[in-house]
There are 2 protein chains.
Amino acid sequence: MLTDLDTPALILDAQKVKANCDHLRTRLQSMGVSLRPHVKTAKSLEVVRMAHGGGTGPITVSTLKEAEFFFSHGFKDILYAVGIAPNKFARAAALKRAGCTLSVVLDGVQAAKAFKEFCSAESLAIPALIEIDTDDHRAGVKPDAPELTDIGAILGSQLGGVMTHCGNSYISKSTDEIRGWAKTEREGIVHSSGRLRAAGHAAPVASVGSTPTAMFGETFAGLTEVRAGVYVFHDLVMAGLGVCRTDEIAMSVLASVIGHQAQKGWIITDAGWMALSRDRGTAKQAVDQGYGLVCDVDGRALGDLVVIDANQEHGVIARRGGLPAKLEDFPVGKMVRVLPNHACATGAQHGAYQVVNGSTAVAATWERFNGW
Amino acid sequence: MLTDLDTPALILDAQKVKANCDHLRTRLQSMGVSLRPHVKTAKSLEVVRMAHGGGTGPITVSTLKEAEFFFSHGFKDILYAVGIAPNKFARAAALKRAGCTLSVVLDGVQAAKAFKEFCSAESLAIPALIEIDTDDHRAGVKPDAPELTDIGAILGSQLGGVMTHCGNSYISKSTDEIRGWAKTEREGIVHSSGRLRAAGHAAPVASVGSTPTAMFGETFAGLTEVRAGVYVFHDLVMAGLGVCRTDEIAMSVLASVIGHQAQKGWIITDAGWMALSRDRGTAKQAVDQGYGLVCDVDGRALGDLVVIDANQEHGVIARRGGLPAKLEDFPVGKMVRVLPNHACATGAQHGAYQVVNGSTAVAATWERFNGW
């Protein structure tokens with residue numbers, strides 16, 4: 001039972017994970033585009049298998065450690081979706097030589113030259129996708145930039161295609177706005193692909209992705225695949241965007257009440273930012289959930305109770321806006337579950353998931369890993 | 001050499017750690033008060049030994065896992081400084097039975113009754129300190145609260161004394177203000193001790209602590225010990241407070257340049273929030289350091305270059321305020337070192353320290369741990 005666990009602990013409701021996975025897989029299947037789930041959220045074999053309906057399949061990784069782990073567990077088709085640094089070339093080569101269908105990402109002439117030179121010296125043809133910038137937020141070449149075809153020319157037969165991630169979808173104010181970003185993502189990739197093909201490249205891969213655009217995109221025509229990560233768990237940022245309901249969030253942090261501040265109506269718990277993460281992703285949304293929304297041990301949200309502040313190993317719970325909680329309902333030792341702002345960040349604070357299936361019975365422990 | 005490492009990686013300059021440790025140890029020795037370093041920052045055997053000048057000694061822990069680890073490595077005198085939840089009583093008892101001089105902390109009648117009942121049933125006399133609230137921020141009983149002596153009466157012979165942590169010292173605007181908080185901490189504890197002693201308790205321990213107040217407190221008269229954690233490494237929050245210089249910060253994150261946004265003057269690296277943490281502790285200080293201050297691979301700060309944004313595995317470097325960096329100085333593959341806002345949070349994102357001694361030669365790898 002959850003009430004027998006030490007706290008804090010990371011809880012995963014596998015029923016919700018399965019429903020979230022099935023929903024997006026079915027949606028994209030019906031729209032005729034492949035799903036390449038991003039494993040950076042879960043970093044768990046069991047969850048990623050669930051994302052593929054029980055087996056293996058193409059995956060996206062954010063670190064070569066993820067690539068190595070999942071490859072060693074039967075996942076062959078792997079996109080390393082962070083611009084590759086030269087000091088990672090050797091590990092990428094080792095994966096390729098071991099039989100991994102690895103692709104990498106880069107977004108500039110310098111990186112393309114360095115990578116091409118390495119691959120030529122090693123006689124390895126690892127495909128590289130060019131990252132396209134469709135949101136002005138991070139990495140990537142603009143769809144119209146002259147540099148795009150320069151990079152294509154350097155990569156030559158190793159040009160795998162193009163990919164983008166529209167992080168702006170995370171700061172949308174409505175689902176209509178998300179649809180707009182999905183259109184921007186798609187058009188940026190279709191345009192870039194077109195330019196590279198016009199320049200004589202096959203550029204077979206046309207890859208987009210973020211959970212909001214994957215969930216709301218109205219067409220994926222011209223694209224070969226969609227990447228998404230956080231949809232397997234969802235979180236309060238996704239709920240604030242209208243991408244999911246709070247009762248679809250599969251991850252929570254189990255905490256114990258350790259004390260009170262009676263005059264302020266505060267409940268003090270043993271889940272601080274070490275357990276919840278420092279992520280304040282809902283701070284700029286319409287509803288600020290503090291460091292997380294508080295549920296009872298069965299996983300039902302308790303009105304407007306949120307974690308209003310967090311120290312390393314202390315959480316402070318009160319009603320949204322700092323209003324006092326009803327302390328008599330939360331004696332010392334009582335357990336609550338806190339829904340995370342950002343599942344990727346909260347997950348990273350833990351080494352394992354305690355798995356339930358809609359009840360408080362612990363059905364399994366699933367390992368997860370961190371590091372590079 | 002640092003340049004041979006995979007990135008991102010957590011770097012520790014052991015010379016700086018030693019100087020930081022020696023400074024506070026010497027200061028408190030000369031002021032006649034014991035130091036009980038808080039191991040939650042480093043979670044490393046080598047660092048905590050350094051805090052004690054090479055051996056063992058009293059320590060403060062934030063988790064029972066820290067207590068168990070350090071006890072198994074010869075540290076006998078341990079204060080678990082987070083209010084204890086009933087589901088942790090059994091682990092505390094196991095430590096006590098194994099010979100650990102363990103003290104715990106609590107701050108309310110409910111917790112005191114539960115703990116006293118457990119100890120009586122188990123025939124164990126584990127001392128409990130009452131947490132005193134000297135900053136209105138978190139847990140604790142006010143020095144003047146009637147509840148203080150009620151808790152003392154419940155604990156009886158198990159009352160170990162009082163402790164406080166003045167988190168407000170972290171939001172001081174000047175070192176004078178820090179001195180003021182040190183006075184508040186001391187007076188709160190001296191007053192609380194006095195009340196408990198007047199009520200007939202020995203209440204031997206009078207414990208205060210935070211790095212700023214430990215570094216600037218003008219007297220520790222009436223106190224038995226000072227707790228501090230982050231001083232072993234220091235960080236940008238401490239530098240912003242005037243508690244240390246940036247060149248005294250012992251921790252940094254090694255990152256590789258993976259690309260650029262030429263029009264914006266951005267350098268993209270492979271150290272995002274997964275490597276740096278989501279902590280934005282300098283956001284409200286006079287100088288906002290973004291997600292960290294950028295140094296060259298030798299550890300020298302590069303003017304006003306900071307990490308202006310961070311995704312999971314991407315960092316964006318530009319000059320403070322978003323001004324463009326000089327990209328030609330940062331080709332793809334170049335390495336930089338990023339000083340952290342908050343060493344406790346950044347450390348927690350990593351499994352080990354790569355140790356240097358003022359140069360770029362890697363002298364050792366020191367394990368660190370996370371979890372509960």
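The values are calculated or read from the model by the stated rules, or taken from the named source; none is laboratory data. The structure presented is a predicted model; accordingly, all values stated were derived computationally and were not measured. FYI the Cβ positions are ideal-geometry reconstructions off the backbone, even for glycines, and counts take in every protein chain you see.
What to note about this one:
- Which listed residue is outside the structural domain of A:LEU124 (by TED's automatic domain parsing), at pLDDT 95 or above, farther than 29 Å from A:SER277 by Cα and of a type outside the set (Phe, Trp, Tyr), from A:THR26, A:THR56: A:THR26
- Residue count for the range B:339-370 under the criterion of being among the β-branched types (Val, Ile, Thr), buried (at least 18 other Cβ atoms within 10 Å of the Cβ) and assigned to a loop (DSSP other than H, G, I, E, B): the result is 1.
- Checking each residue in the range B:58-76 for being free of Cβ contacts under 8 Å to residues at least 40 places away in the same chain, under 17 Å from the mean Cα position of the chain (by Cα) and more than 14 Å from chain A (Cβ to nearest Cβ) picks out B:ILE59, B:PHE70.
- Considering residues of the range A:358-372 that are touching an Asp or Glu at 6+ places or on another chain (Cβ under 7 Å) and more than 30 Å from B:ALA112 (Cα to Cα) only, the residue farthest from the other protein chains (Cβ to nearest Cβ): A:GLY358
A quick yes/no check of all residues on (1) without any contact (Cβ under 8 Å) to a residue 12 or more places away in the chain; (2) assigned to a strand (DSSP E or B); (3) at the interface with chain A (Cβ under 10 Å from one of its Cβ atoms):
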| position | (1), (2), (3) |
| --- | --- |
| B:ARG278 | no, no, yes |
| B:ALA286 | no, no, no |
| B:GLN312 | no, no, yes |
| B:ALA325 | no, no, no |
| B:GLY333 | no, no, yes |
| B:ARG337 | no, yes, no |
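- Test: B:ASP270 is surrounded by 24 or more Cβ atoms within 10 Å (Cβ to Cβ) and either over 15 Å from B:PRO340 (Cβ atoms) or touching a His at 6+ places or on another chain (Cβ under 9 Å) (or both): yes
- Only one of B:ALA114, B:ALA139 that is over 17 Å from B:ALA206 (Cβ atoms) and at pLDDT 95 or above: B:ALA114
- Single match in B:LEU35, B:LEU79 (criterion: buried (at least 24 other Cβ atoms within 10 Å of the Cβ), out of contact with any helix residue (DSSP H, G or I) (no Cβ under 8 Å at 6 or more places or on another chain) and away from every other protein chain (no Cβ under 12 Å)): B:LEU79
- Hey, B:THR7 touching a residue at least 12 places away in the same chain (Cβ under 8 Å), more than 17 Å from the chain's Cα centre (by Cα), assigned to a loop (DSSP other than H, G, I, E, B) and crowded, with 22+ Cβ neighbours inside 10 Å or not: yes
- For B:ALA348, the criteria (1) of a type in the set (A, V, I, L, M, F, W, C); (2) over 27 Å from A:LEU106 (Cβ atoms); (3) in contact with a Phe, Trp or Tyr (Cβ under 7 Å, 6 or more places away or on another chain) hold in every case but one, which is (3).
- Residue within the range B:103-117 that is within 9 Å of chain A (Cβ to nearest Cβ) and in contact (Cβ under 8 Å) with a residue 60 or more places away in the chain present: no
- Criterion: in a helix (DSSP H, G or I), farther than 22 Å from A:THR175 by Cα and small (Gly, Ala, Ser) - qualifying residue of A:GLY222, A:GLY194, A:GLY188: A:GLY194
- Looking across the range B:130-169, the residues that are within 13 Å of another protein chain (Cβ to nearest Cβ) and assigned to a strand (DSSP E or B) come down to B:ILE130, B:GLU131, B:ILE132, B:VAL141.
- In the range B:229-257, the qualifying residues are those that are within 14 Å of chain A (Cβ to nearest Cβ) and of a type in the set (A, V, I, L, M), and the one that is nearest to B:MET215 (Cα to Cα) is B:VAL230.
- Residue check for A:LEU129: in contact with an Asp or Glu (Cβ under 9 Å, 6 or more places away or on another chain) and in the same structural domain as A:GLU68 (by TED's automatic domain parsing): no
- Selected residue (criterion: surrounded by the fewest Cβ atoms within 10 Å (Cβ to Cβ)) from residues of the range A:150-172 that are touching a residue at least 60 places away in the same chain (Cβ under 8 Å) and not hydroxyl-bearing (Ser, Thr, Tyr): A:ILE171
- Among the residues of the range B:21-71, the ones that are among the acidic types (Asp, Glu) and under 21 Å from B:LEU102 (Cβ atoms) come to 2 in all.
- Residue among B:SER103, B:SER123 that is modelled with pLDDT of 95 or more and touching a Pro at 6+ places or on another chain (Cβ under 9 Å): B:SER103
- Condition check for A:ASP304: within 25 Å of A:ALA361 (Cα to Cα) and either out of contact with any Asp or Glu (no Cβ under 9 Å at 6 or more places or on another chain) or in a helix (DSSP H, G or I) (or both): no
- Condition check for B:ILE258: in contact with a strand residue (DSSP E or B) (Cβ under 6 Å, 6 or more places away or on another chain), surrounded by 17 or more Cβ atoms within 10 Å (Cβ to Cβ), within 30 Å of B:VAL33 (Cα to Cα) and not charged (D, E, K, R): no
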